[in-house]
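A.B. asks: One structure coming up, written as structure tokens, with questions to follow.
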Amino acid sequence: MNSLESSAPIYYRLIKERGDVPAEVRRAAEQIQAELGRVMVLPPLGRSAEIRH
């Protein structure tokens with residue numbers, strides 16, 4: 001057991017039992033964002049308000 005595991009034993013036990021759900025969700029979200037980036041063209045952040053007016 002490393003120092004991270006000893007500081008949060010419940011979390012690491014859950015990862016061993018159920019898998020690293022937060023990491024899986026993060027990977028899925030990144031994949032969806034990448035796919036959307038290929039099919040949708042959006043204005044840069046901060047510019048959408050200018051475009052609407």
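The values are calculated or read from the model by the stated rules, or taken from the named source; none is laboratory data. Every value quoted in this text rests on a predicted model; they were computed, and no experiment measured them. Positions of Cβ are backbone-derived with ideal geometry, glycine not excepted, and every protein chain shown enters the neighbour counts.
A.B. asks: Would you check which residues across the range 7-32 are under 10 Å from the mean Cα position of the chain (by Cα) and either of a type outside the set (V, I, T) or loosely packed, with under 10 Cβ neighbours inside 10 Å (or both) and list them?
C.D. replies: P22, A23, E24, R26, R27, A28, A29, E30, Q31
A.B. asks: Are there helices (runs of 4 or more DSSP H) fully within the range 8-53 with at least 1 residues that are at negative phi and at pLDDT 95 or above? List them.
C.D. replies: On the way: elements: 9-18, 21-39, 48-52.
Here the list reads 21-39.
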